[in-house]
Amino acid sequence: MPELAEVELARRIWEPGKGQEVIAVESHPETRVYRDTPAGKIQTHLTRKMMVDSRTHGKRLLFGFSDSLVNPSARDPVIYLEVHLGMSGRLFLADPYYCPDKHDHFVLRTKNLSFVYSDYRQFGRVYLHQQDHKPWETLPLEVLHAKFTLAYLRQLTTRRKGTSLKALLLDQSIFPGIGNWMADEICWRLFRFPGTPLQELDLAVIRRVSRQVCRGALRHVADKNSSRDGKRGFSPGSYVEQVPPSSWLFQHRWKAGGACPRCHSPLERCTIATRTTAWCPRCQPMT
Ligand SMILES: [Zn+2]
């Protein structure tokens, strides 16, 4: 599943849409990605709109559109398209005459490009928000936000002392954008077994290491892949061409015979917090 760095990369892939007017929206209206917002509504609201803004929050993408028909020079969004990539969602660019395949759920056509949202497993979702509805203002702070302080984290976790480290890191109301691979990476860097309860852990160190992993993921995944051809986007399983280096757990966790990049012990795997988890039994002994 795309985590915050892959989501940021997806945002950058659609970045060339800024300043371009949507002249048509094509969709596969029967697919599950429209369970929250009907395809026809997206078509009605985005046609003749201009993309003027894009941002991410955790695993969410938000694209703002101004009303180019009413006011061609307006740069303030009047409507927002929110996209969740789910397990297998993908954004990519194509030429203006691109012919969508069965997994391409909608295509925003501009004069020069097609902006494609594809999702073969259909766990992704799309929403529309009017200008006066700002859903992002009520979301939890992102991990790299300046106000994501130790005091803030303590406040959120006061009643969570028995929660496992892995479950805590996967909680999107506390660590938005962190998913399975980043959570495993953080546990490994903490030298702690992912099932360790929070009451045995130092929240200050969790905060520091989770921020390190977020920054590193953005650098190795979003920054290093941003210059590539957006026409391919990225795909699950082989998310991106440039991945975190071999000194990260990332490259070893699902490899047959995968070993800890630090001590070279064989990695172990089991289900923790409902997710398949990889860890090093030597660096992260069970307590
Ligand atoms: Zn190890």
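Here, each number is a calculation from the coordinates, and none is a lab measurement. In this text, all values refer to a predicted model and were calculated from it rather than measured experimentally. No Cβ is skipped: glycine too gets one built from the backbone with ideal geometry, and neighbour counts run over all protein chains shown.
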Based on the mean of other beta carbon atoms within 10 Å per residue, what is the order of 258-264, 108-114, most packed first?
108-114, 258-264
Got the relative contact order for the chain handy, in percent, Cα pairs under 8 Å and 6 or more residues apart?
19
Quick check: from the Cα gyration tensor, does segment 122-229 come out rounded (a/c under 1.5), prolate or oblate?
oblate
Using the per-residue mean of other Cβ atoms lying within 10 Å as a proxy for protection, in what order, highest first, do the peptides 115-128, 27-40 fall?
115-128, 27-40
Using the scaling law 2.2 N^0.38 Å as the reference, what is the normalised Cα Rg of the chain?
1.07
Which lysines, on any chain, are close to K111 with Cα under 22 Å apart, when same-chain ones fewer than 8 places away are left out?
K18, K41, K49, K231
May I ask you to list the aspartates and glutamates whose Cα is less than 16 Å away from that of K102, ignoring any residue fewer than eight positions away on the same chain?
E26, E30, D119
Skipping prolines and chain starts, which residues have an amide H placed within reach, meaning under 5 Å, of the one on S54, given they are 5 or more residues away or on another chain?
G64
Whichever aspartates and glutamates have a C-alpha closer than 17 Å to that of K147, once near sequence neighbours (fewer than 8 apart) are set aside:
E137
